[in-house]
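The values are calculated or read from the model by the stated rules, or taken from the named source; none is laboratory data. Source: prediction; values computed, not measured. Cβ: placed from backbone, ideal geometry, glycine included. Neighbour counts: every protein chain shown. Protein only, heavy atoms only, side chains kept; ligands, DNA and RNA dropped before computing areas. Shrake-Rupley method; radii C 1.70, N 1.55, O 1.52, S 1.80 Å.
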Amino acid sequence: MAHGDLRVGMVAGEPSGDLLGAHLLAALKGRRPGIESAGIGGPRMAEQGFSSHYPMEKLSVRGYWELLGHFTEIMGIRRKLTRTLLDARPDVFVGVDSSGFNLGLERRLKDAGVPAVHYVSPSIWAWRGWRIREIARSVDHILVLFPFEEPIYRKAGVPVTYVGHPLADVIPLKSKKDEARAQLRLPSGKLIVALLPGSRRSELKYMASTFIQAAHRFSQEVPDVHFVCPTVTRETRDMFEVELYRQERTDLPLTLLFGHSHEALAAADLALVASGTATLEAALFKTPMVITYRQSAVTWGLGKALFYLPYVGLPNVLAGEALVPELLQDRATPAALAEALLDLLRDTAGQKKQVARFHEFHEQLRQNTAEKAAQAILTLLESRKK
């Protein structure tokens, strides 16, 4: 890293982080044109002039069980990157999400006098409070996306800025259903149901067949339905397609997409969504939904022991109540999911309640996130100079 106007070290471990990182770099560049940035990131960050020392995909692993297989390689990368950053001594380091990788790295840098910022709170509101002590030791400042996270950090004495959620800036307050349907060439006059079975291979392994069987059962009850399933990578698209053949359900009235999750959610009347950021996207598109999740029994068992929130879906965490039905792990059977979707289809009052709350969330989370995050980082650096 040569000496520019502002030298930023950054690590993003998956596509959502790559997007956040890119928006932040663009906002920083607007204020400090001579910015230089390096670390680990994806194609969106690269478009902002970021140089990645390792491919981001190396860090995109989900679940304890799945992580074990890659643990040695990932730790090796972290060791080497730590040395590189300690030699380069950037003006600031920003760890974007991926707390398992970033917090240890941030702690080493912070101890060496490099200001460390963590962008996106780990789900400490869902896990026990010991995580917050680790975060307090590891970072100089944390940027959080949800309003309920700020008081948790304040109380723990961690410097914090609530910056809103970038998706709330990107997604229009009112989306155009007809336009989205026309764009995706979906049949008119049908009930459109979006299927979002997860963005990672490890998720599809547990979710694809369940989603396909649930869709089949639902279509037996509602003949004028058409499903739309956006997949995030070619690999996950192929996995879903293989599962359709395995289940002998190639006759399902389904449009399978590569990308286009936003158009799919804008077009849909209802959605079946695997827990994660997609639940927030569905909420911001004001699409009534059922949330579900399945993972390996080992990962689920470990998670359940640590988990203390009554909900996993972000819309329910934001609402502080069971606004959206959640069917998790053993309850996530094809029959139960089809039934939950049918119940929601018939419950127009329930749909209206979901949509009304989704509008509230959107207003609350729309904060011009990247600009707020950039300002918080520059303010931190100014305060260090004094």
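Take the conditions (1) open to solvent by 50 Å² or more (accessible area, probe 1.4 Å); (2) more than 17 Å from G100 (Cβ to Cβ); (3) more than 16 Å from the chain's Cα centre (by Cα); F50 misses just one of them, which is (1). P33 falls short on exactly one of the conditions (1) modelled with pLDDT of 95 or more; (2) out of contact with any Ser or Thr (no Cβ under 8 Å at 6 or more places or on another chain); (3) open to solvent by 40 Å² or more (accessible area, probe 1.4 Å); (4) not in a helix (DSSP H, G or I), and that condition is (1). If you filter region 289-318 down to residues that are open to solvent by 10 Å² or more (accessible area, probe 1.4 Å), under 29 Å from K353 (Cα atoms) and part of a loop (DSSP other than H, G, I, E, B), you find that the one that is modelled with the highest pLDDT is V312. Hey, can you tell me all the residues within region 43-58 that are among the aromatic types (F, W, Y) and either touching a Gly at 6+ places or on another chain (Cβ under 8 Å) or not in a strand (DSSP E or B) (or both)? Within region 43-58, F50 is the sole residue that qualifies. Considering only residues in region 137-176 that are of a type in the set (K, R) and part of a helix (DSSP H, G or I), the one that is nearest to E281 (Cα to Cα) turns out to be R154. For region 345-375, residues that are in contact with a Lys or Arg (Cβ under 7 Å, 6 or more places away or on another chain) and either over 22 Å from P325 (Cα atoms) or among the small types (G, A, S) (or both) total 1. A single entry from R185, R181 fulfils the requirement of being modelled with pLDDT of 95 or more and open to solvent by 50 Å² or more (accessible area, probe 1.4 Å): R185.
The number of residues in region 224-282 being buried (at least 20 other Cβ atoms within 10 Å of the Cβ), among the polar types (S, T, N, Q) and farther than 20 Å from E57 by Cβ comes to 2.
Listed conditions (1) part of a helix (DSSP H, G or I); (2) open to solvent by less than 10 Å² (accessible area, probe 1.4 Å) are all met by I40, apart from (1). Restricting I192, I212, I142, I152 to residues that are of a type outside the set (G, A, S), open to solvent by less than 10 Å² (accessible area, probe 1.4 Å) and within 21 Å of the chain's Cα centre (by Cα) narrows the list to I142.
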